[in-house]
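The values are calculated or read from the model by the stated rules, or taken from the named source; none is laboratory data. If you're wondering where the values come from, they're calculated on a predicted model, not measured in any experiment. No Cβ is skipped: glycine too gets one built from the backbone with ideal geometry, and neighbour counts run over all protein chains shown.
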Amino acid sequence: MTHRPDPAVDGPGQGTLSIAAILAETARRRPDAPALHFAGATVTYRDLWDQTRAYAGALAARGIGPGSRVAMIVPNVPDFPRVYYAALALGAVTVPIHLLFKADEIAFVLQDAEADLLVAAAPLLAEAAPAAARAGVPLTTVLAPEGLEIGGQAVPRLEAEAARAEPIERYRSVNPLDAATVLYTSGTTGTPKGAVGSHLAMIEQVHCALIDSFDVRPDDVLYGGLPFFHSFGQMAVMNIGFRRGAAIILLPKFDPDEALELLVRHRATVFTAVPTNFAQLVAAAHRSPRRPPLRYAVSGGAALPTALLEEFERVFGAPVHEGYGLTETSPTATFNNVGAPIRPGTVGTSLWGVDVAVADAETEDRIALLGPDAMGEIVVRGHNLMKGYLNRPDATAAAVQDGWFRTGDLGTVDADGVVRIVDRKKDMIIRNGYNVYPTEVEAVLARHPHVSIGAVFGVPHETHGQEVHAAVVPVEGAAVDAAEVVAYMKEKVAAFKYPRVVHVVEELPLGPSGKVIKRELVRRFAV
């Protein structure tokens, strides 16, 4: 039977939603509760929402409204949530930009996103201002001193504009499936792509996490050192923390000793970070006897070696819960839920309403699902998927097939739904025809008593195709002998897996979100 089209069935519906409600509602319900701790000051939820409403008034006076695209390059300071929620409160789309992007990269994002405005923090104007000029995008700033000029022209200050503007009364709700953010992938495999996130996907992510995965309480104090321009920090710290009414410690750039001092001073209860930050905080703890009252920690962004997980728990007395996700999955797809037994070496089970499975990685034109424990490409479907890649329908069609998003990660899912990530397809090393998964080797490397953290990568080799290399950072005060590490690994892993070459380095090259940039290691050590 053919039904007549009817808007009540076929249309977008009458329901509305907005991520801006996360801050607005908490400000209404917990106005005097601390929202942010930053630079020795505390900002309450009432004050943060009032400031955000004033910022929204200033943006509206510039013509920003529903569907506008507001790019922002702002570190983890109170201005990030002010700008972020102000734009969303107007029905606009936010486009957070990596803080380490150079002028050419920023200009690309502004042009690709068709940005209507760029809000840039003053310390980043050296790259942001020429990028905005090149892209033809209006620029306003935060954190700039009065009278600052660029090329003889006064730099507009959003703070001053907000002081003159009429604050908005309430946020504008939009269709739940409307775009909320455009988050650009790092571009490690080519030109960055803008993943478009909807209000529904992101809010559902927050609610699923709070109901099943994270035990966040209104009196909790969360560490906010993860960059908010990245989906992990934006969702797992800022949006989840504000939705629950918890307080967030802001630290614009991760420094382990300063982070530990702030965690202690503000009596932090939840630490969320990437594995490199865990290693750095453990090292800082060896330099100080002070400890915060952590209840638990959350790790994501990359595989956390089991040895580091165990060391963190020993030093801080707090269990570590590991999860997994990508920008395209808003970001969390799986998690070792707080309150459930932790399975070290795994990323837990899928979020409610999210389906995670394994597909044949070699079948590229469709999703060929595999059974329990089979090795293959991790695929995801559910409410958390992006709307698509901005201006790239072909890339969207290649990434989402038969309703499943192809992650590009290799792993397994057992009969109980427990997910184990083995490695990125692009990071896998093939030596003499054998597959070597760096994450597996790194987990063993992390148990060396003198190694703080290490990264395993493949270097082109005439005979073997690729040779296995490792770069290691010594434990503070320890000396690492590269030949001894090679011998140690030779005893611990199969002959085709162990690194034949070990490089001792002071630090690993990290991207803006704290992940190790392995292509930099390959470039540095390939001969």
With VAL338, VAL315, VAL356, VAL347 as the choices, which residue is part of a strand (DSSP E or B) and either outside the structural domain of VAL95 (by TED's automatic domain parsing) or not β-branched (Val, Ile, Thr) (or both)?
-> VAL356
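Matching residues to (1) outside the structural domain of LEU100 (by TED's automatic domain parsing); (2) within 26 Å of GLU377 (Cβ to Cβ); (3) out of contact with any Lys or Arg (no Cβ under 6 Å at 6 or more places or on another chain); (4) surrounded by fewer than 19 Cβ atoms within 10 Å (Cβ to Cβ):
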position	(1), (2), (3), (4)
PHE229	yes, no, yes, no
LEU251	yes, no, yes, no
PHE271	yes, no, yes, no
THR276	yes, yes, yes, no
ALA302	yes, yes, no, no
THR329	yes, yes, yes, no
Out of ALA478, ALA483, report the one residue that is among the aliphatic types (A, V, I, L, M), loosely packed, with under 15 Cβ neighbours inside 10 Å and part of a loop (DSSP other than H, G, I, E, B).
-> ALA478
Filtering region 288-300 down to residues that are touching a residue at least 40 places away in the same chain (Cβ under 8 Å) and in contact with a Pro (Cβ under 9 Å, 6 or more places away or on another chain), which residue is surrounded by the most Cβ atoms within 10 Å (Cβ to Cβ)?
-> GLY300
Please work out if ALA144 is farther than 28 Å from LEU390 by Cβ, surrounded by 21 or more Cβ atoms within 10 Å (Cβ to Cβ) and not hydroxyl-bearing (Ser, Thr, Tyr).
-> yes
Members of region 60-85 found to be surrounded by 24 or more Cβ atoms within 10 Å (Cβ to Cβ) and among the basic types (Lys, Arg), listed by number = ARG82
Are any of the residues in region 378-394 farther than 29 Å from ALA113 by Cβ, crowded, with 20+ Cβ neighbours inside 10 Å and touching a Ser or Thr at 6+ places or on another chain (Cβ under 8 Å)?
-> no
Kindly establish whether ALA470 is buried (at least 16 other Cβ atoms within 10 Å of the Cβ) and of a type in the set (Gly, Ala, Ser).
-> yes
Within region 207-232, track down each residue that is within 23 Å of GLY514 (Cα to Cα), touching a Gly at 6+ places or on another chain (Cβ under 7 Å) and either assigned to a helix (DSSP H, G or I) or among the β-branched types (Val, Ile, Thr) (or both).
-> PHE232
List pairs: first in region 128-157 and not assigned by TED's automatic domain parsing to the domain that holds VAL70, second crowded, with 20+ Cβ neighbours inside 10 Å, Cβ under 9 Å, 6+ apart or cross-chain?
-> none
Kindly establish whether LEU88 is within 19 Å of GLN234 (Cα to Cα) and touching a Phe, Trp or Tyr at 6+ places or on another chain (Cβ under 7 Å).
-> no
